[in-house]
Amino acid sequence: MKRISLALAAGSMILLGGATACSSASGAAAADPGAPAKAAAGAQSGTQAQDQTGTQGGTPEVIAAPAQVQVPPGNKRVATFHGEGVQIYGCTDGAWTLIQPAAIMSDNGKAVALHSKGPVWTSTVDGSTVAATAVPGKAVQHADAIPEILLKSDQDTGKGVFGTVTYVQRLATKGGLAPKGACTTGQQTSTPYSAEYAFWAAN
C-alpha cells in the first residue's frame, strides 16, 4: 500500500499500514493500516449474531458481530471498511490514557476514509462525515486487543457514504492496547491496531 501523509486535528501524523510512532512532548506520528475493506452490500439488521458482508474482488466476505454489539432493528448495513492505524496514548499522572485513533479506512485495498479524534470518520471520496459515541455496556473485551464496540451516531454531514449513518460497529479488533506499566507525564506513544468497521443507516 502506498504511503499517505495526513494532517489530523491532534497534529501532523504520517499514516502507513502497520507503522509505529512514539514521541514525548511533540505531536504523535500515527500510522493507519490500509487493508482490504468491504463495500456496501445487502442489509442485515438486529439479529442475535449479525453478519457484516463486504465485497472483496467480487467475493463476499462475512464478519460476525457478537450479540453484545448488535445494531437495533430498523437499521441496514451500508458499508464495511477495514481500518488500520494506531491508537495514540498520552501519559497523565503516571498512567496512559487514550488521546485519539488515527487510522485509514480502506475498501478493496484502496483508502476511502480517515478515522480520527471524536471519534470521527471522514470520507476522502465524497467528503461526508460521521461522529459517534460508544453505547454504554455494548462492548466485548479482549485481553490482547482493544474491545469490539457499538457506537451511536451523534452527527452526520454531507450526502455521501457517512451522511445517514446511525450506528457504527468496531469488530474483529487486533492490537491497539495502551502500554503496560507506569509512564512519565507528557509522554505519548502510538500502538498499531486494526479492525473492521460496519456502518449502518435507518431502513
Notebook entry, point to check: In the stretch 74-132, what residues are more than 13 Å from residue 164 (Cα to Cα), free of Cβ contacts under 8 Å to residues at least 40 places away in the same chain and of a type in the set (A, V, I, L, M)?
Noted result: 120, 125
Next item on the list: Could you tell me whether the stretch 172-179 includes any residue that is over 20 Å from residue 98 (Cα atoms), open to solvent by 20 Å² or more (accessible area, probe 1.4 Å) and charged (D, E, K, R)?
Entry: no
Note to self: Looking only at the stretch 133-144, filter to residues that are touching a strand residue (DSSP E or B) at 6+ places or on another chain (Cβ under 6 Å) and surrounded by fewer than 19 Cβ atoms within 10 Å (Cβ to Cβ); which one of those is farthest from residue 163 (Cα to Cα)?
What the structure shows: 140
Next item on the list: Pick out the one residue from 184, 191 that is farther than 23 Å from residue 69 by Cβ and either more than 11 Å from the chain's Cα centre (by Cα) or assigned to a strand (DSSP E or B) (or both).
Entry: 184
Note to self: Considering only residues that are under 19 Å from residue 203 (Cβ atoms) and over 15 Å from the mean Cα position of the chain (by Cα), which ones fall in the stretch 139-159?
What the structure shows: 156, 159
Next item on the list: Those residues that are of a type in the set (Ser, Thr, Tyr) and either in a strand (DSSP E or B) or out of contact with any Leu (no Cβ under 9 Å at 6 or more places or on another chain) (or both), I need them from the stretch 108-152; list them, please.
Entry: 116, 122, 123, 128, 129, 133
Next item on the list: Kindly indicate which of 178, 202, 172 is modelled with pLDDT of 95 or more, closer than 28 Å to residue 64 by Cα and either in contact with a Leu (Cβ under 8 Å, 6 or more places away or on another chain) or of a type outside the set (A, V, I, L, M) (or both).
Entry: 178
Checklist line | Long-range neighbours under 7 Å by Cβ, at least six apart or interchain, first residue more than 19 Å from residue 121 (Cβ to Cβ) within the stretch 165-186, second open to solvent by 40 Å² or more (accessible area, probe 1.4 Å) and β-branched (Val, Ile, Thr) | finding: 185/92
Item checked: Positions within the stretch 84-132 being aromatic (Phe, Trp, Tyr) and surrounded by fewer than 23 Cβ atoms within 10 Å (Cβ to Cβ), in sequence order -> 96
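The values are calculated or read from the model by the stated rules, or taken from the named source; none is laboratory data. What you see is a predicted model; the values in this text were computed from it and never measured. Cβ: placed from backbone, ideal geometry, glycine included. Neighbour counts: every protein chain shown. Side chains are part of the model used for accessible areas, which takes the heavy atoms of the whole protein and leaves out ligands, DNA and RNA. Shrake-Rupley method; radii C 1.70, N 1.55, O 1.52, S 1.80 Å.
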